[in-house]
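See structure below.
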Amino acid sequence: MRAEVVAMDAEHLDMEAIRKAGDILKSGGLVAFPTETVYGLGGNALDPEASRKIYAAKGRPSDNPLIVHIADIDKLDEITSGVPEKARILAEKYWPGPLTMILNKADIVPKETTGGLESVAVRFPSDRIAQELIRAGGGFVAAPSANTSGRPSPTMSEHVEEDLGDAIDMIIDGGQVGIGLESTIVDFTEEIPVVLRPGYISLEMLQETLGEVRMDKGLLITDSKVRPKAPGMKYRHYAPRADLSIVEGSEEDVIAMINRLTEEAEAKGEKVGIIATDETESLYVGGDVRSIGSREEEETIAHHLYEVLRDFDSDDVNVIYSEAFYTPRMGQAIMNRLLKAAGHKIIKA
Ligand code: AMP
Ligand code: MG
């Protein structure tokens with residue numbers, strides 16, 4: 001089976017195709033679709049068989065729960081039990097948008113969808129194609145990122161086709177996504193809300209709205225035995241095929257170090273990729289240099305991260321050196337993904 005690919009954009013929705021995609025979901029099939037964060041691989045969240053198919057298509061470990069997507073705020077109470085006031089405040093402020101909340105689940109949500117947990121992750125995406133598809137598919141769509149488990153998340157439909165084209169029924173191509181990094185996940189099953197995965201909505205933005213909010217300890221400590229609370233955060237993720245290292249230090253030292261490492265690796269016959277920025281790309285001497293975006297506009301760095309990693313795969317690069325991107329607002333989220341992609345390999349310049 002090869003997935004049918006249907007292209008549309010948010011201003012010109014193809015409602016017939018969306019109805020067809022909704023019917024696929026209702027009958028237990030899988031449809032990949034764009035959201036404002038990354039492409040999602042959707043299945044009916046209330047159908048245990050559909051959830052099993054999602055895990056199989058991605059090769060995802062079955063203890064890594066799925067996020068349930070809704071497109072109507074009233075649906076929240078149908079799949080959760082006892083939504084705390086702070087969660088409602090956050091939903092009011094950031095939904096629809098790149099925010100996922102962990103809440104106690106209602107009985108209708110099968111354990112297959114929640115990886116065996118009593119809690120459920122819920123998000124209301126702002127992408128219009130996603131919203132119409134969710135409504136057409138019955139209102140509750142389980143959707144992890146639409147990549148093979150472990151690979152960089154897909155930010156365009158070509159990435160989805162590459163990974164899952166033979167494993168699913170349909171792909172809705174809505175062009176390149178806006179944000180390019182997965183949603184911020186906030187856990188409300190404890191007294192004080194906890195960030196389990198950083199994203200576009202930063203810790204500071206959450207604290208401004210809610211007061212005290214913590215970062216999950218497993219996120220702050222990179223190589224200890226402290227396990228992240230989101231089961232998925234413990235797995236290697238987003239990894240390109242090449243051996244990726246992050247080079248940290250002052251701009252000048254980083255450029256000098258990457259130039260030296262590149263020269264050495266190329267002398268050994270390696271094909272080297274360099275992840276630079278608009279500000280630095282002209283300062284590298286060798287290697288296949290790609291600018292990920294501009295430090296002046298940190299959104300551009302988030303937007304291109306996964307694409308750059310996939311492009312190096314297509315170029316058969318086998319060693320990658322990347323600058324670090326501790327930018328003011330999204331740095332936490334960007335570096336969380338980049339460090340995972342690099343298996344936490346850091347070189348101090
Ligand atoms: P993805 O679907 O690829 O965006 O990944 C979803 C992330 O949400 C994974 O890191 C999961 O472990 C996490 N997650 C989903 N449901 C829960 C839950 N009930 N409790 C904690 N983490 C969750
Ligand atoms: Mg993922």
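The values are calculated or read from the model by the stated rules, or taken from the named source; none is laboratory data. Note that this is a predicted model, so its numbers are computed, not measured. When we count neighbours, we look across all protein chains shown, and the Cβ atoms used for this are built from the backbone with ideal geometry, even at glycine. Just so you know, the surface numbers come from the protein's heavy atoms only, side chains and all, with ligands and any DNA or RNA stripped out. Shrake-Rupley method; radii C 1.70, N 1.55, O 1.52, S 1.80 Å.
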Exercise. Just a yes or no: is a residue in region 217-239 open to solvent by less than 40 Å² (accessible area, probe 1.4 Å), in a strand (DSSP E or B) and not aromatic (F, W, Y)?
Worked result: no
For this session: Quick one: which residue in D14, D47, D63, D74 is away from ligand 1 (no atom under 13 Å from the Cβ) and touching a residue at least 12 places away in the same chain (Cβ under 8 Å)?
Result: D47
Exercise. Quick one: is E161 acidic (D, E), open to solvent by 10 Å² or more (accessible area, probe 1.4 Å) and under 23 Å from I18 (Cβ atoms)?
Worked result: yes
Exercise. Restricting attention to region 301-338, which residues are part of a helix (DSSP H, G or I), of a type outside the set (A, V, I, L, M, F, W, C) and in contact (Cβ under 8 Å) with a residue 12 or more places away in the chain?
Worked result: H303, H304, Y306, E307, R310, D311, D313, G331, Q332, N336, R337
Problem set entry | Cβ pairs under 6 Å, 6+ apart, first in region 176-198 and more than 10 Å from M215 (Cα to Cα), second near ligand 1 (Cβ under 10 Å from one of its atoms) and polar (S, T, N, Q) | I179/T37; E182/T37; S183/T37; S183/T100; I185/T100; T189/S119
For this session: Check E281, E212, E208, E182 and return the single one that is open to solvent by 60 Å² or more (accessible area, probe 1.4 Å) and either within 16 Å of ligand 2 (Cβ to nearest atom) or more than 20 Å from A91 (Cβ to Cβ) (or both).
Result: E281
Exercise. Looking at region 134-158, which of its residues are in contact with a Leu (Cβ under 9 Å, 6 or more places away or on another chain), in a helix (DSSP H, G or I) and crowded, with 23+ Cβ neighbours inside 10 Å?
Worked result: I134
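Being outside any helix (DSSP H, G or I), open to solvent by 10 Å² or more (accessible area, probe 1.4 Å) and over 23 Å from G40 (Cβ atoms): is that true of E190 here? Spell out how you get there, then give the answer.
Values: outside any helix (DSSP H, G or I): yes; open to solvent by 10 Å² or more (accessible area, probe 1.4 Å): yes; over 23 Å from G40 (Cβ atoms): yes.
Criteria met by E190.
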For this session: Being under 26 Å from E182 (Cβ atoms) and not aromatic (F, W, Y) narrows it down to one of G273, G286, so name that one.
Result: G273
Exercise. Out of (1) more than 11 Å from ligand 1 (Cβ to nearest atom); (2) within 22 Å of S81 (Cα to Cα), the odd one out for I201 is which?
Worked result: (2)
Problem set entry | From the options Q131, Q207, Q176, residue that is away from ligand 1 (no atom under 15 Å from the Cβ), over 20 Å from the mean Cα position of the chain (by Cα) and not in a strand (DSSP E or B) | Q207
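Just name the residue that is farthest from ligand 2 (Cβ to nearest atom) out of those in region 246-271 that are buried (at least 18 other Cβ atoms within 10 Å of the Cβ) and under 30 Å from L219 (Cβ atoms).
First, pick out the residues of region 246-271 that are buried (at least 18 other Cβ atoms within 10 Å of the Cβ): 246-247, 254-255, 258, 261-262, 265.
Of the ones still in play, those that are also under 30 Å from L219 (Cβ atoms) are 246-247, 254-255, 258, 261.
Working: I246: 20, V247: 26, V254: 29, I255: 32, I258: 28, L261: 30 Å.
Selected residue: I255.
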Exercise. Being farther than 30 Å from S157 by Cα, hydroxyl-bearing (S, T, Y) and part of a loop (DSSP other than H, G, I, E, B), is that true of even one residue in region 268-286?
Worked result: yes
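Of the residues that sit in region 240-267 and are part of a loop (DSSP other than H, G, I, E, B) and in contact with a strand residue (DSSP E or B) (Cβ under 8 Å, 6 or more places away or on another chain), which one is farthest from N64 (Cα to Cα)? Steps first, answer last, please.
First, the residues of region 240-267 that are part of a loop (DSSP other than H, G, I, E, B): 240-242, 249-250.
Checking the rest, the ones that are also in contact with a strand residue (DSSP E or B) (Cβ under 8 Å, 6 or more places away or on another chain) come to 240, 242, 249.
Working: P240: 21, A242: 25, G249: 35 Å.
Restricting to residues being part of a loop (DSSP other than H, G, I, E, B) and in contact with a strand residue (DSSP E or B) (Cβ under 8 Å, 6 or more places away or on another chain), the top hit is G249.
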Problem set entry | In region 298-324, the residues that are touching a Gly at 6+ places or on another chain (Cβ under 6 Å) and open to solvent by less than 20 Å² (accessible area, probe 1.4 Å) | I301, A302, F312, V317, I320
